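*Asks:* Provided herewith is a single structure, encoded as structure tokens, for subsequent inquiry.
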Amino acid sequence: MFDFLKRWAKTEHELCQGDLSAFLDGRLTPKEHSRVERHLEECAACRADLEALRQTVALLHAMPVMKLPRSFLISAGEAIRQRQVQRRRLAYAYLRAATAVATVLLVLVVSGDVTLRYQAARPAPRVSRLRPAATTMLVETAAVEKGQEAWMQPSPELSTIVAPAESFGASEAEQTEAAQNALDAQTSEVRAVPSKAFATAAGSPVAPTAAPTATPRPTSTPVPPTPAVPVPSPQPAVGEVQDRGQLPPSLPSGPWAFLDVLRGFLPWIELALALAVALLLATTLWLHRRQRLV
Amino acid sequence: MHEAVGVAQAVDERALVAAARRGDAQAFNRLILTYQTLAYNVAYRMLHDQDAAADAAQEAFISAFRAMRRFRGGSFKAWLLRIVSNACYDQLRVAQRRPTSSIDDMLVDPDHSTVLTDHAESPEDHAVRQDLARAIQTGLDRLPPDQRATVILADIQGLSYEEIAQATGVSLGTVKSRLSRGRARLRDYLQREQELLPRRYRLRNG
């Protein structure tokens with residue numbers, strides 16, 4: 001755009017100087033070409049410059065061709081090596097992309113989960129966390145049905161808290177607990193599960209066999225202070241996690257049913273995601289170090 | 001040139017490029033045979049150093065082989081020359097970090113020993129051409145790399161403006177102005193340093 005203005009401000013002589021090179025190559029528009037020709041007729045300096053430029057170009061044309069010091073052909077072995085390098089780089093790029101996607105997904109799911117739990121936890125009763133040993137004897141299927149209403153009234157008694165375990169109320173209680181541990185997916189998983197799990201584990205105390213991945217880690221996120229809720233020892237919870245698969249299918253109906261089902265699976269999704277991220281990250285870092293060494 | 005030969009070469013090249021894209025190293029080597037003299041000469045004129053130019057050419061061919069899949073039609077020559085000039089810029093950066101090697105270049109100037117291809121000329125002519133080539137190369141060395149590359153591609157290798165635009169990744173207008181400035185600068189240098197040129201090649205003024 002400003003080229004036009006720049007050209008305008010130049011004198012005829014300056015214009016011609018800038019166009020000499022393209023003039024030689026016949027790359028000017030007919031209008032520009034005749035303009036240069038006209039100026040050349042009256043300007044000896046430009047004629048001399050053009051002639052010197054023509055000679056310079058001619059000298060460049062005559063530059064000798066250098067012989068190759070060696071051949072640059074790619075040997076068969078080198079070609080295979082290069083293809084391997086190429087494949088490895090491609091795989092590495094995919095791996096990095098997958099790691100990034102998984103990490104973002106994990107953060108989204110966990111933060112979404114935490115948000116949901118905080119929101120749900122607000123109207124929920126202040127429930128003291130129970131020791132699993134005390135709850136194991138108490139749960140009946142009937143109690144699970146009753147729990148629909150029961151969870152509304154805050155009660156320190158075991159039955160009311162444990163009974164609704166499978167119903168909506170239980171997940172509320174569970175969320176109250178989980179809110180403390182939030183953000184760290186694995187920890188919240190381990191701690192969130194028990195109240196449900198207790199409900200089904202009635203009469204069959206499970207030995208706390210530690211699942212290999214469910215070992216609680218110290219959370220790095222600040223825990224919101226909830227003085228009314230004493231933090232339990234997560235130790236027995238570890239074993240309970242495994243029992244969760246046998247839950248009786250008593251799902252609340254209505255538009256929220258799907259959400260609740262999803263919420264029930266959320267800890268598992270989080271755990272799986274966290275594992276995937278850990279695995280991908282470890283592989284990526286390992287490959288990164290190896291690639292640098294090679 | 002003979003038009004029929006040119007067409008046959010173009011068809012042949014397209015087939016070779018297609019095969020090379022599928023990872024056929026033999027096909028790619030035939031492309032190298034076609035272009036290695038061009039690639040090396042461009043690199044040599046850019047870098048004025050045999051070893052650096054050979055390294056740049058070899059690196060360019062290897063990275064071109066790896067990048068074949070990303071070649072999306074157009075002029076293979078221009079695409080390859082772009083990789084070559086990028087390899088040259090890499091070499092220039094390396095040379096900037098180690099500026100001591102230029103002394104060796106001045107002691108042993110490889111341009112003008114036995115590496116010239118034309119041996120059919122008399123010793124005197126040969127000597128004259130050596131002096132001439134040396135003077136012009138020194139002038140090229142003084143150009144900024146972008147102008148140098150453009151002048152080399154246009155006036156030593158005879159590429160069109162369009163091919164140069166593709167090979168250097170700039171617009172036609174930029175090619176035009178780089179070429180104009182580079183040529184003018186080289187012309188001024190050769191006029192200033194007349195005594196570097198053999199008498200019969202001195203630029204006549206007016």
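Yes/no per residue for (1) out of contact with any helix residue (DSSP H, G or I) (no Cβ under 8 Å at 6 or more places or on another chain); (2) more than 9 Å from every other protein chain (Cβ to nearest Cβ); (3) touching a residue at least 40 places away in the same chain (Cβ under 8 Å); (4) not small (Gly, Ala, Ser):
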residue: B:LEU16; (1), (2), (3), (4): no, yes, no, yes
residue: B:ILE32; (1), (2), (3), (4): no, no, no, yes
residue: B:MET46; (1), (2), (3), (4): no, yes, yes, yes
residue: B:ALA56; (1), (2), (3), (4): no, yes, no, no
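*Asks:* When you go through (1) out of contact with any helix residue (DSSP H, G or I) (no Cβ under 9 Å at 6 or more places or on another chain); (2) closer than 30 Å to A:LEU275 by Cβ one by one for A:GLU51, which number turns out not to apply?
*Replies:* Looking at each condition in turn, A:GLU51 falls short on (2).
*Asks:* Just to verify a result, which residue in region B:59-91, among those that are of a type in the set (Gly, Ala, Ser) and surrounded by 19 or more Cβ atoms within 10 Å (Cβ to Cβ), is farthest from B:ALA154 (Cα to Cα)?
*Replies:* Going through region B:59-91, the residues of a type in the set (Gly, Ala, Ser) turn out to be B:60, B:63-64, B:67, B:73-75, B:78, B:85, B:87.
Now drop any that are not surrounded by 19 or more Cβ atoms within 10 Å (Cβ to Cβ), which leaves B:60, B:64, B:78, B:85, B:87.
On the way: B:ALA60: 20, B:ALA64: 22, B:ALA78: 12, B:SER85: 14, B:ALA87: 19 Å.
For region B:59-91, the residue satisfying everything is B:ALA64.
*Asks:* Report, by residue number, each residue of region B:59-76 that is at pLDDT below 95 and under 14 Å from the mean Cα position of the chain (by Cα).
*Replies:* Selection gives nothing.
*Asks:* Can I ask one more? Being more than 9 Å from chain A (Cβ to nearest Cβ), surrounded by fewer than 19 Cβ atoms within 10 Å (Cβ to Cβ) and under 26 Å from B:ILE83 (Cα atoms) is the filter here; which residues of region B:173-202 pass it?
*Replies:* Passing the criteria: only B:THR174.
*Asks:* Return the residues of region A:78-125 that are under 30 Å from B:MET68 (Cα atoms), hydrophobic (A, V, I, L, M, F, W, C), over 16 Å from the mean Cα position of the chain (by Cα) and surrounded by 14 or more Cβ atoms within 10 Å (Cβ to Cβ); say none if nothing qualifies.
*Replies:* Once the filter is applied, which keeps residues that are under 30 Å from B:MET68 (Cα atoms), hydrophobic (A, V, I, L, M, F, W, C), over 16 Å from the mean Cα position of the chain (by Cα) and surrounded by 14 or more Cβ atoms within 10 Å (Cβ to Cβ), region A:78-125 yields A:ALA79, A:VAL85.
*Asks:* For region A:64-118, enumerate the residues that are at pLDDT below 90, within 7 Å of chain B (Cβ to nearest Cβ) and farther than 15 Å from B:ALA64 by Cα.
*Replies:* Across region A:64-118, the qualifying residue is only A:ALA76.
*Asks:* Under the condition of being of a type in the set (A, V, I, L, M) and buried (at least 17 other Cβ atoms within 10 Å of the Cβ), which residue from region A:41-63 is farthest from the other protein chains (Cβ to nearest Cβ)?
*Replies:* Residues of region A:41-63 of a type in the set (A, V, I, L, M): A:44-45, A:48, A:50, A:52-53, A:57-60, A:62-63.
So of that shortlist, the ones also buried (at least 17 other Cβ atoms within 10 Å of the Cβ) come out as A:50, A:52-53, A:57, A:59-60, A:63.
On the way: A:LEU50: 10, A:ALA52: 5, A:LEU53: 5, A:VAL57: 5, A:LEU59: 6, A:LEU60: 4, A:MET63: 5 Å.
If we take residues in region A:41-63 being of a type in the set (A, V, I, L, M) and buried (at least 17 other Cβ atoms within 10 Å of the Cβ), then A:LEU50 is farthest from the other protein chains (Cβ to nearest Cβ).
*Asks:* All but one of (1) closer than 29 Å to A:ILE269 by Cα; (2) modelled with pLDDT of 85 or more hold for A:PRO123; which doesn't?
*Replies:* Going through (1) closer than 29 Å to A:ILE269 by Cα; (2) modelled with pLDDT of 85 or more one by one, A:PRO123 breaks only (2).
The values are calculated or read from the model by the stated rules, or taken from the named source; none is laboratory data. Keep in mind it's a predicted model, so treat the numbers as computed, not measured. Backbone-built Cβ (ideal geometry, glycine too); neighbour counts: all protein chains shown.
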